[in-house]
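*Asks:* Have a look at this one before I ask anything.
Any read-out appearing in this document is the output of simple, stated calculations on the displayed coordinates, not a laboratory observation. Model, not experiment: these values are computed from the prediction. Ideal geometry is used to build each Cβ from the backbone, glycine not excepted, and the neighbour counts take in all protein chains shown.
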Amino acid sequence: MQNRIMITGAGSGLGREIALRWAREGWRLALADVNEAGLRETLELCRAVGGDGFVQRCDVRDYSQLTALAQACDEKLGGIDVIVNNAGVASGGFFAELSLEDWDWQIAVNLMGVVKGCKAFLPLLERSRGRIINIASMAALMQGPGMSNYNVAKAGVLALSESLLVELRQVEVAVHVVCPSFFQTNLLDSFRGPDPAMKAQVGKLLEGSPISAAQIAEHIHRQVAAGEFLILPHEAGRQAWQLKRQAPERLYDEMAEMAVKMRAKAQSR
Ligand SMILES: NC(=O)c1ccc[n+]([C@@H]2O[C@H](COP(=O)([O-])OP(=O)(O)OC[C@H]3O[C@@H](n4cnc5c(N)ncnc54)[C@H](O)[C@@H]3O)[C@@H](O)[C@H]2O)c1
């Protein structure tokens, strides 16, 4: 029976809600984050709904911390059945203004953090014939303006997930990738970018979401059980993805118009 799950970025937002969703089914949890207070809170909430486990500080940029986490899962839970590479940070800014340091930081957390998570846990997952759930974003599919480094990191997570889907089938490790549109969490706290005003624009997008992190966790739980690879929790996201596949040029036109408006807004301040 599979009942052990590891989640990165579990101290807040979607990671916490995923922990709670699986905890309600009595799963044993390995909760990792750089936010230790948040982690402790998540574990307490999970215990109240029927889950249990342990927390461990882990910066997903550091491979040795991820292998130490995998070892702790082996020692404390006897292995792992599901990993959720969820830890992530927000960024924004037009390509011309983004620094190379902005790029390095974004890729190190949002892309290489997932690569390292998959690599550190693969031996345990092969043993349990487990599953990987990678949290990407609609940015992986749509490439909106003013967030090229985030788009590239998330598109990389999607490409990695597709690569693993086909490579790991023969060792019976399942793979899923989740691409949500914006939703309200503490993601804005991590925002980094050359134009602070863009942070406010991203904040408005997060607030405007029709669905909550808890609803997204519920959707992921259902779609994983159904064996879905590409999980798109937002209805508007599913429609936009369909439009892009049918008429990409129309979408590029819309995005280009959006870029002009964003630039005008930034210059008017
Ligand atoms: N909120 C959205 O609109 C949205 C949309 C699409 C995708 N996502 C993705 O969902 C995931 C979860 O984000 P969220 O919205 O719940 O935000 P959040 O900020 O509430 O949670 C992210 C967690 O990741 C942790 N984290 C950040 N850097 C880390 C690192 N180097 N090592 C370990 N942990 C680290 C943070 O401490 C935080 O607890 C992210 O990958 C994000 O890109 C979010």
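*Asks:* From Cα coordinates alone, what are the radius of gyration and Dmax values for the stretch 113-199 in angstrom?
*Replies:* So, for the stretch 113-199, Rg and Dmax equal 15.1, 48 Å respectively.
*Asks:* Taking all pairs of different Cα atoms in the chain, averaging 1/r and flipping that mean, what Kirkwood radius in angstroms comes out?
*Replies:* Mean inverse Cα-Cα distance, inverted, gives 18.8 Å.
*Asks:* For the stretch 33-152, what log10 I(q)/I(0) values come out of the Debye formula at q = 0.09, 0.11, 0.22, 0.23 1/Å, with one point per alpha carbon and no solvent?
*Replies:* Taken in order of the listed q values, log10 I(q)/I(0) reads -0.30, -0.45, -1.26, -1.31.
*Asks:* Could you put ARG4, ARG238 in order, starting from the residue whose Cβ has the fewest other Cβ atoms within 10 Å?
*Replies:* On the way: ARG4 23, ARG238 14.
Fewest to most other Cβ atoms nearby, the residues stand as ARG238, ARG4.
*Asks:* Quick one: net charge of ALA90's neighbours, Cβ under 15 Å, K/R +1, D/E -1?
*Replies:* 0
*Asks:* Just to be sure I follow: if Rg is taken over the C-alpha atoms of the stretch 200-267 and Rh is the Kirkwood radius over the same atoms, what is Rg/Rh?
*Replies:* Rg divided by Rh gives 1.07.
*Asks:* Moving on to the next point. What number of lysine-lysine pairs in the chain show an alpha-carbon separation below 27 angstrom, given a sequence spacing of 8 or more or placement on distinct chains?
*Replies:* Number of lysine pairs found: 17.
*Asks:* Still on this structure: For the pair LEU205/MET1, report the inter-label distance in nm, with labels modelled 7 Å from Cα in the Cβ direction.
*Replies:* The modelled label-to-label distance comes out at 4.3 nm.
*Asks:* How many Å³ per residue does the convex hull of the Cα positions in the stretch 103-252 occupy? Could the numbers behind the result be given before it?
*Replies:* Numbers: hull volume 18.8 nm³, N = 150.
With only Cα atoms used, the stretch 103-252 gives 125 Å³ per residue.
*Asks:* If you average the alpha carbon positions of the stretch 192-248 and of the stretch 33-66, how far apart do those two centres end up, in angstrom?
*Replies:* About 24 Å separates the Cα centre of the stretch 192-248 from the one of the stretch 33-66.
*Asks:* Here's a follow-up. Mind sorting ASP33, ASP74 by how few other Cβ atoms lie within 10 Å of their own Cβ, fewest first?
*Replies:* ASP74, ASP33
*Asks:* Additional query: So what's the back-of-envelope 222 nm ellipticity for the chain, counting only DSSP H runs of four-plus at -39500 (n - 2.57) apiece and dividing by all residues, rounded to 500?
*Replies:* -17000 deg cm²/dmol
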